Every structure is written in C-alpha cells, then in structure tokens.
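The values are calculated or read from the model by the stated rules, or taken from the named source; none is laboratory data. All values derive from a computational prediction rather than experimental measurement. Note: ideal-geometry Cβ built from the backbone for every residue, glycine included; neighbour counts use all protein chains shown.
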Amino acid sequence: MAKCTNKTFLMCDGTKLLDITEYPDLGGTKEKIDVTTLSDTKKRTINGIEDVNDLEFKAWYEKTDYEKLLALQEADSLNTYQLWFGENGEDGIWEWQGKMAVYPNSGQSNNAREMTFSITDEGEEAMHYVGD
C-alpha cells in the first residue's frame, strides 16, 4: 500500500538536521557501456556506474536552520547523512557521506521564504539503502 511522504526526516551524524519540504531522487540511471563488436548485428551494452548528481533538498528558510547548514558548508568536511522514511525509518533508510552547500531562494510577494541545499555523494561508499 502506498504511503504519504509526510514523516520523512533528514538526519546528519545521527540527529535530525531540519524539517525539509522536498527531497531528490535517491538514485540514478546506470551509464551504458558499449560492448558491441564488429561482428555484432545489433548494439550491445552493459551497465556501468550509476550516475548520481548532488542531492538537492528544499526547506523553509529559518535563520537558525540556514546558519546550521552554512556552518556545515563552511566546515567543508564529509558528514554522514541519512534520509528516513517514517518516524524511525521503518519505511526505509538511505545513507551517504557528503559535503553541504546552501543558499536562500528567490522570493516574491506573499510567499514563504525558502532555501535550497545540496549534499554531494562522495564518501567511500556510494549512497545506499540500509533498510530500517
């Protein structure tokens, strides 16, 4: 049965980082490697490395949350992040290591302030599903 996206949590080094409003795809398409030979009559490919871009999230701009993310950005260190589906990750947990980048989004009349932040996926182990 389908589940709603509410009760989704972004964690950093074991603690909740902040409330998010949007999270990215948690994977990507594998690059195709051409292994066609001159005697083949049709193209043959095998799966290569998964192409995962930086993971981009959105959140409502709150000064304290922004400053928390900015401090992670300025530290320029690898942190361990997890995205939990469900209050305790009971619907799945994805984990990766990366570095933070954050910026406030543009605004317009009568809208809530928003910010976007991205986290690279550059640890020794790529983003992976750890279950619950």
Tally of residues being of a type in the set (Val, Ile, Thr) and farther than 28 Å from residue 27 by Cβ across the range 50-68: 1
So residue 75, is it surrounded by 13 or more Cβ atoms within 10 Å (Cβ to Cβ) and out of contact with any Phe, Trp or Tyr (no Cβ under 6 Å at 6 or more places or on another chain): no
In the range 34-59, the residues that are over 14 Å from the mean Cα position of the chain (by Cα) and either among the polar types (S, T, N, Q) or not in a strand (DSSP E or B) (or both): 35, 36, 37, 38, 39, 40, 41, 42, 43, 44, 45, 47
Odd one out for residue 38, checked against (1) more than 29 Å from residue 112 (Cα to Cα); (2) in contact with a Lys or Arg (Cβ under 9 Å, 6 or more places away or on another chain); (3) aliphatic (A, V, I, L, M): (2)
Selection count, the range 94-126, where residues are over 12 Å from the mean Cα position of the chain (by Cα), within 19 Å of residue 25 (Cβ to Cβ) and buried (at least 18 other Cβ atoms within 10 Å of the Cβ): 0
Inter-residue pairs, beta-carbon under 8 Å, first more than 13 Å from residue 23 (Cα to Cα) and in the range 1-12, second part of a loop (DSSP other than H, G, I, E, B) and of a type in the set (Gly, Ala, Ser), 6+ apart: 3/86
Candidate set from the range 54-97 (those that are in contact (Cβ under 8 Å) with a residue 24 or more places away in the chain and basic (Lys, Arg)); member that is farthest from residue 4 (Cα to Cα): 68
Among (1) of a type outside the set (D, E, K, R); (2) in contact with a helix residue (DSSP H, G or I) (Cβ under 7 Å, 6 or more places away or on another chain); (3) closer than 15 Å to residue 13 by Cβ, the one test that residue 123 misses: (2)
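What about residue 83, is it at pLDDT 95 or above, within 19 Å of residue 9 (Cβ to Cβ) and surrounded by 11 or more Cβ atoms within 10 Å (Cβ to Cβ)? Give the steps one after another, and end with the answer.
Working: at pLDDT 95 or above: yes; within 19 Å of residue 9 (Cβ to Cβ): yes; surrounded by 11 or more Cβ atoms within 10 Å (Cβ to Cβ): yes.
Considered against the rule, which asks whether it is at pLDDT 95 or above, within 19 Å of residue 9 (Cβ to Cβ) and surrounded by 11 or more Cβ atoms within 10 Å (Cβ to Cβ), residue 83 comes out as yes.
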